[in-house]
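A short write-up of the structure that comes next.
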Amino acid sequence: MPLPKRRHSSTRQAKRRTHYKLTSPTLTTCKRCGAAARAHHICSSCGYYNGRQWLTPKAEVNG
Ligand SMILES: [Zn+2]
């Protein structure tokens, strides 16, 4: 198996790792309830996505 001739310096390692970062999720407003919801995901407050109810909101279950 071929092996690297020299070890990479810590600076080189750090330069590579500058690209390892978290990205914030894209938020849109829900068309039904107006709450902030993730794009292309079911709304967490009303449970709707694409004009259809997929999940029952917890407030309606308890109350
Ligand atoms: Zn909603």
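With the structure loaded, tell me whether Thr18 is β-branched (Val, Ile, Thr), modelled with pLDDT of 95 or more and either near the ligand (Cβ under 10 Å from one of its atoms) or exposed (fewer than 10 other Cβ atoms within 10 Å of the Cβ) (or both) or whether it fails that test. Here the answer is yes, as Thr18 does meet what is asked.
Results for (1) surrounded by 10 or more Cβ atoms within 10 Å (Cβ to Cβ); (2) without any contact (Cβ under 8 Å) to a residue 40 or more places away in the chain; (3) assigned to a loop (DSSP other than H, G, I, E, B), shown as yes or no for each residue.
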| site | (1), (2), (3) |
| --- | --- |
| Pro2 | no, yes, yes |
| Lys5 | no, yes, yes |
| His8 | yes, yes, yes |
| Gln13 | yes, yes, no |
| Cys33 | yes, yes, yes |
| Ser45 | yes, yes, yes |
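The values are calculated or read from the model by the stated rules, or taken from the named source; none is laboratory data. Everything numeric here is computed off the predicted structure, so don't read it as measured data. Quick reminder, even Gly has a Cβ in these numbers, built from the backbone with ideal geometry, and neighbours come from all protein chains shown.
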